[in-house]
Amino acid sequence: MEASRPDALQAGLVHHAAGRAAEAESAYRAVLAAHPGHPDALHLLGVLALQHGRPAIAVQCIGESIRQNPGNAAGFSNLAGALRQLGRLEEARASARVALALDPGFYDGLDTLAEILSDRGEHGAVADTLGRLLLLNPWQTEPRLQRAHALLLAGRNEDAVETLMTLLGMTPLSVAGYTNLGVALRRLGRVEEAMAAYRSALGFAAGQPGTLNNLGITFQDLGRYEEAAACFRLSIAGQPDGSHAHLNLGLVARDEMRVDQSITLARRAARLEPALAEAHTALAHGLLIKGEFSEGFAEYEWRSRMADFSSPRRDFASPVWDGSPLAGRTLLVHDEQGVGDTIMFARYAALLQTQGARVFLDCNGQLVRLLSSMPGIAGVVPRYDPAPPHDFHVALASLPYLLRATLYTIPAPLAYLRAEPALVESWRARLGPRRGLRIGLVWAGNPEFKGDRLRSPGLAAFRPLLDLPGVSVYGLQKGTGRGDLERCGPLPASFVDLGGDIADFADTAAIMETMDLVVSSCTGPAHLAGALGRPVWTVLPFAPDWRWLEHGVCTPWYPTMRLFRQERRGDWTAVVARLCRTLESII
């Protein structure tokens with residue numbers, strides 16, 4: 001006698017639960033043979049296909065089931081899972097949301113949606129979805145850890161700390177919990193607490209490579225390089241193919257100016273993980289500081305793929321220029337990083353005109369007025385303003401690679417920027433009669449730059465310069481560094497602050513034209529003075545940026561620039577003393 005439909009379906013479910021896939025499939029197909037379009041049998045047949053790596057069949061079966069029963073939340077959730085496996089993430093997300101619209105408290109639907117959102121890189125939405133899931137079952141620890149990780153990826157570090165503290169209250173031996181807590185605390189600047197969290201994790205899992213690597217990074221933040229290196233070596237001992245530990249050990253070597261070793265370690269990290277953009281970029285920095293531009297700029301093309309690349313993403317409808325012929329074409333060149341980079345690399349944009357290109361420059365609004373008069377540039381537009389019609393676009397910092405730059409072919413005219421003559425005369429009149437040698441001073445860079453605390457001496461470090469007889473010092477400082485004016489107490493009458501009246505870099509350029517010398521930290525105004533052909537003395541930290549090369553008092557980028565390098569890490573006193581002695585010898 002023919003089995004009834006409920007009996008066959010129930011038999012299929014029993015087989016399914018027991019892992020007997022073939023028997024379950026036969027039972028479900030028997031139901032469908034007797035009752036074509038049976039929604040439950042179609043759904044379960046699709047679930048079986050999904051569980052056994054056949055997502056396309058799952059989509060077909062579950063889709064038909066939903067057409068028969070459009071109110072089935074589980075059906076939409078499982079369809080979302082199948083679509084996710086096929087990489088159809090937009091459809092998967094839509095299906096998961098239908099499931100939750102039908103049943104807002106559907107646990108599996110929330111879990112599926114979180115996985116889809118994670119695949120899409122929507123980390124904040126992942127955290128919010130897992131938060132809803134935890135309201136349904138607050139005692140689950142794995143979703144709480146996943147939520148903390150998503151919060152970290154979304155940059156919501158305070159929320160991550162709160163989530164992880166709750167997790168550790170539930171599972172006080174969680175190594176992953178303490179390690180992630182260390183990451184969140186470090187990002188919040190709570191370095192000592194971060195180190196305590198990492199040490200707690202290592203107390204439960206001594207020698208854990210990932211935790212050792214993170215502890216090493218924290219030592220590195222504090223400038224405790226020997227301890228950092230020891231952590232990275234222990235991490236490598238426990239995981240010899242650990243690309244990040246090799247990379248970070250190389251960064252320590254770079255911070256200590258052991259450049260050849262840093263290159264070796266960055267190469268090893270890139271070999272271990274060929275897609276690790278941070279390793280390629282670190283390799284680029286090592287090669288470039290040694291003047292090996294050909295390979296260095298090729299590796300530097302990885303920079304924008306780094307997870308913490310600070311420049312805003314630019315989306316243009318035009319294709320990226322790949323170095324192909326430009327005759328008769330219009331090229332939009334856009335900036336990426338700080339104003340110093342823009343000024344330095346702008347010389348290459350002008351070269352493109354010699355290839356027959358019409359070049360527009362898209363950059364920081366503070367540079368538009370200054371760069372508009374640069375030879376070879378058809379026009380300059382502020383960042384995010386509508387771009388003029390163009391055939392291709394390219395990042396400014398990619399031009400040395402595309403133009404096959406070498407150390408010996410850097411375009412370095414005495415001056416490739418000029419200040420507005422009328423503006424120069426206006427500032428000259430404002431400054432009045434000379435009172436000794438005029439020096440323009442910049443003492444700090446942008447604090448948002450990762451290494452700014454190492455490269456910015458601050459005004460107090462330059463106090464001996466202000467006290468030199470026969471010298472008038474004019475403050476050109478803009479931004480956060482101006483806070484030093486109050487912190488440094490009374491300043492000598494020979495110091496005049498102009499920074500508060502500087503509107504943009506056109507003003508700064510005009511003032512520099514009235515100066516006998518510019519003294520600057522490694523920041524945008526140093527590049528500006530060099531591009532104007534003004535005498536400029538730039539003070540550099542012990543481990544300088546790659547552009548200043550490994551050694552030397554001169555730079556091929558700017559003929560009128562002299563470099564004053566730290567001989568000991570953090571020691572600005574000796575640098576400024578040397579600068580003052582040099583100045584006294586020529587006054």
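The values are calculated or read from the model by the stated rules, or taken from the named source; none is laboratory data. All of these numbers come straight from a predicted model, not from anything done at the bench. Cβ placement follows ideal geometry from the backbone for every residue including glycine, while neighbour counts extend to all protein chains displayed.
Miscellaneous remarks
- Some residue of segment 337-354 being over 17 Å from LYS450 (Cβ atoms) and part of a loop (DSSP other than H, G, I, E, B): no
- GLY500 vs. criteria more than 19 Å from ALA415 (Cβ to Cβ), surrounded by fewer than 21 Cβ atoms within 10 Å (Cβ to Cβ) and of a type outside the set (Lys, Arg): yes
Yes or no, residue by residue, for (1) over 24 Å from GLY37 (Cα atoms); (2) crowded, with 18+ Cβ neighbours inside 10 Å; (3) in the same structural domain as ASP40 (by TED's automatic domain parsing):
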site	(1), (2), (3)
HIS52	no, no, yes
VAL59	no, yes, yes
ARG97	yes, no, yes
LEU100	yes, yes, yes
GLY105	yes, no, yes
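- Answer from GLY121, GLY81, GLY87 - the residue that is within 23 Å of GLN51 (Cα to Cα), in a loop (DSSP other than H, G, I, E, B) and under 32 Å from the mean Cα position of the chain (by Cα): GLY87
- Residues of segment 473-515 satisfying the condition of being at pLDDT 95 or above and among the polar types (S, T, N, Q): GLN477, THR508, THR514
- LEU130 vs. criteria out of contact with any Asp or Glu (no Cβ under 6 Å at 6 or more places or on another chain), assigned to a helix (DSSP H, G or I) and exposed (fewer than 15 other Cβ atoms within 10 Å of the Cβ): no
- Scoring ASP362 on the criteria (1) part of a loop (DSSP other than H, G, I, E, B); (2) surrounded by 19 or more Cβ atoms within 10 Å (Cβ to Cβ); (3) of a type outside the set (Phe, Trp, Tyr) leaves a single failure, condition (1).
- Of all residues in segment 546-570, those satisfying the criterion of being under 15 Å from ALA461 (Cβ atoms) and surrounded by 14 or more Cβ atoms within 10 Å (Cβ to Cβ) are PHE564, ARG565, GLN566, ARG569.
- Lone qualifier among ARG383, ARG438, ARG434, ARG428 - being charged (D, E, K, R) and out of contact with any Ser or Thr (no Cβ under 9 Å at 6 or more places or on another chain): ARG383
- Looking across segment 538-581 at every residue that is touching a residue at least 40 places away in the same chain (Cβ under 8 Å) and among the β-branched types (Val, Ile, Thr), the one that is nearest to SER294 (Cα to Cα) is identified as THR560.
- Of residues in segment 269-282 being touching a residue at least 24 places away in the same chain (Cβ under 8 Å) and of a type in the set (D, E, K, R), the one surrounded by the fewest Cβ atoms within 10 Å (Cβ to Cβ): GLU273
- Tabulated pairs, segment 194-217, first closer than 13 Å to HIS244 by Cβ, second part of a loop (DSSP other than H, G, I, E, B) and hydrophobic (A, V, I, L, M, F, W, C), C-beta under 8 angstrom, 6+ apart or interchain: THR211/ALA205
- Test: residue in segment 439-446 that is within 32 Å of the chain's Cα centre (by Cα), of a type in the set (Val, Ile, Thr) and within 29 Å of ARG187 (Cβ to Cβ): no
- Of note, HIS285 does not satisfy the criterion of being in contact with a Lys or Arg (Cβ under 8 Å, 6 or more places away or on another chain) and either within 20 Å of LEU215 (Cα to Cα) or without any contact (Cβ under 8 Å) to a residue 12 or more places away in the chain (or both).
- Note on segment 1-14: among residues that are within 53 Å of the chain's Cα centre (by Cα) and at pLDDT 85 or above, the one that is farthest from ILE66 (Cα to Cα) is VAL14.
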